[in-house]
Amino acid sequence: MKIVITGGRGQLGRDCRLVLAPGHTVHAFGSGDLDIADEQQVENVVRRLQPDIVINCAAYTAVDACEDDRQRCRRVNGAGPGILAAATADTGCKLIHVSTDYVFDGRKSLPAAYTEDDPVSPLSAYGASKLAGEEAVRQNNSNHLIIRTAWLYGMGGRNFLKTMLRLAVSEPRRTIRVVDDQFGSLTWTYRLALQINHLLDSDLTGTIHATAEGYGSWFDGAGRFLRAMGVEHSLEPCATADYPTAAPRPANSILENRRLKKHCLNRMVSWEDDVERFAREFRGPLLAEARQ
Ligand SMILES: NC(=O)c1ccc[n+]([C@@H]2O[C@H](COP(=O)([O-])OP(=O)(O)OC[C@H]3O[C@@H](n4cnc5c(N)ncnc54)[C@H](OP(=O)(O)O)[C@@H]3O)[C@@H](O)[C@H]2O)c1
């Protein structure tokens, strides 16, 4: 298949390229080569390459900065996916679009997980813009698959686990306070890329959830990762209220991969296993990056 990846230099974009390139003709574009909110650029790429599938990994993901720069946030996360959807619909191409747990308000009683049918109600500008992106995709290309995921980490960008490692490595005696009352599933971008690869052979459309299995708090995630990395650390749990951020976060970010399971397509594994595998496989480069 001929596949175009947008946001190709981000965490998920890089792993999608890595996983898909051996079996497909892949064209991955960074933001400098293809701005998804530029109608002309998008049309040119889609018309020239005539892909079978476009995978949109591009987004403005700085959740707190989105509160201040709402225009950029709406442009990239809301308008961009609509432009991609319209351009792909014109050529009969499928659009796989990546969305987020932040479309939910997280008020569902723990430990119940959100399913694809639960009502959306974003808390933040980022969440609202991602919801607008989902709606624009649905309106403009019926041949779409919207994949909601959460709490991503990978080698190809900044993320929570790398931040924890950097803090632990730079100040081994410091006690790091980590939020322990938000729950979700740390999801490895490489695993999600494998899941996307698996979905290329299916004709599944609509909206699905795809996160790692099981759940924990940020505190649980940090502990699991730093132990697996074998670095000295001291963690202390804290509440969301002790760590104020510009954008409110859902307390419950747990998504259930209900549709994937119903169609026997779920390839996601436990978050603990993947965090440990990530630490094992990338210990050297992760430590080198943390020490920079
Ligand atoms: N990170 C998470 O925890 C998380 C959780 C749930 C869902 N998601 C969703 O998962 C997807 C992938 O996330 P990620 O963590 O891989 O994000 P990421 O590492 O921040 O990568 C996003 C990429 O999009 C690019 N981009 C920004 N504006 C663009 C534009 N106008 N046109 C084209 N590219 C643009 C960025 O390039 P520049 O850096 O050059 O701007 C960046 O390389 C996104 O849809 C995100 O909303 C992420």
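The values are calculated or read from the model by the stated rules, or taken from the named source; none is laboratory data. As the structure is a computational prediction, the values presented were derived from the model and not from experiment. Here Cβ is always computed from backbone atoms with ideal geometry, including for glycine, and neighbour counts include all displayed protein chains.
Look at the range 235-284 and say how many of its residues are β-branched (V, I, T), in a loop (DSSP other than H, G, I, E, B) and surrounded by 16 or more Cβ atoms within 10 Å (Cβ to Cβ). Full working, then the answer.
The initial filter retains those residues of the range 235-284 that are β-branched (V, I, T), namely 240, 245, 254, 269, 275.
If we keep only those that are in a loop (DSSP other than H, G, I, E, B) as well, we get 245, 254, 269.
Now narrow it down to the ones that are surrounded by 16 or more Cβ atoms within 10 Å (Cβ to Cβ): 254, 269.
Summing the residues that are β-branched (V, I, T), in a loop (DSSP other than H, G, I, E, B) and surrounded by 16 or more Cβ atoms within 10 Å (Cβ to Cβ) in the range 235-284 gives 2.
Identify, please: which residue in the range 136-180 is basic (K, R) and over 21 Å from the mean Cα position of the chain (by Cα) and is, among those, nearest to L255 (Cα to Cα)? It would help to see each step written out before you state the result.
The first filter runs over the range 136-180 and keeps only residues basic (K, R), leaving 138, 148, 158, 162, 166, 173-174, 177.
Keeping just the survivors that are over 21 Å from the mean Cα position of the chain (by Cα) gives 166, 173-174, 177.
Details: R166: 28, R173: 35, R174: 33, R177: 25 Å.
Top of the filtered list is R177.
Do you know which residues across the range 19-36 are under 19 Å from the mean Cα position of the chain (by Cα) and part of a loop (DSSP other than H, G, I, E, B)? Matches in the range 19-36: G30, S31, D35, I36.
Just to be sure before I move on: is I208 surrounded by fewer than 20 Cβ atoms within 10 Å (Cβ to Cβ), in contact (Cβ under 8 Å) with a residue 12 or more places away in the chain and assigned to a strand (DSSP E or B) in the structure I sent? So that I can check it myself, show each step before the final result.
Values: surrounded by fewer than 20 Cβ atoms within 10 Å (Cβ to Cβ): no; in contact (Cβ under 8 Å) with a residue 12 or more places away in the chain: yes; assigned to a strand (DSSP E or B): yes.
So I208 fails the test.
Could you go through the range 135-153 and let me know if any residue there is part of a helix (DSSP H, G or I), more than 9 Å from the ligand (Cβ to nearest atom) and surrounded by 20 or more Cβ atoms within 10 Å (Cβ to Cβ). Yes. Scanning the range 167-183 finds one or more residues that are modelled with pLDDT under 95 and among the acidic types (D, E).
Going by the conditions given, is V120 buried (at least 21 other Cβ atoms within 10 Å of the Cβ), within 15 Å of the ligand (Cβ to nearest atom) and among the aliphatic types (A, V, I, L, M)? Quick ask: steps written out before the conclusion?
Values: buried (at least 21 other Cβ atoms within 10 Å of the Cβ): no; within 15 Å of the ligand (Cβ to nearest atom): yes; among the aliphatic types (A, V, I, L, M): yes.
Here the answer is no, as V120 does not meet what is asked.
Looking at the structure I just gave you, is E116 assigned to a helix (DSSP H, G or I) and in contact (Cβ under 8 Å) with a residue 40 or more places away in the chain? The answer is no for E116. Total residues in the range 238-272 satisfying the condition of being closer than 24 Å to S202 by Cβ and of a type in the set (D, E): the figure is 1. Being among the aliphatic types (A, V, I, L, M), in contact (Cβ under 8 Å) with a residue 24 or more places away in the chain and part of a helix (DSSP H, G or I) is a description that applies to L287. Cβ-Cβ contacts under 6 Å between residues 6 or more apart (or on different chains), taken from a first residue in the range 30-44 that is touching a residue at least 12 places away in the same chain (Cβ under 8 Å) and within 12 Å of the ligand (Cβ to nearest atom) to a second residue that is in a loop (DSSP other than H, G, I, E, B) and among the aliphatic types (A, V, I, L, M), are listed as I36/A58. You will find that of A113, A87, A128, the residue that is buried (at least 19 other Cβ atoms within 10 Å of the Cβ), within 24 Å of Q41 (Cβ to Cβ) and among the small types (G, A, S) is A87 and no other.
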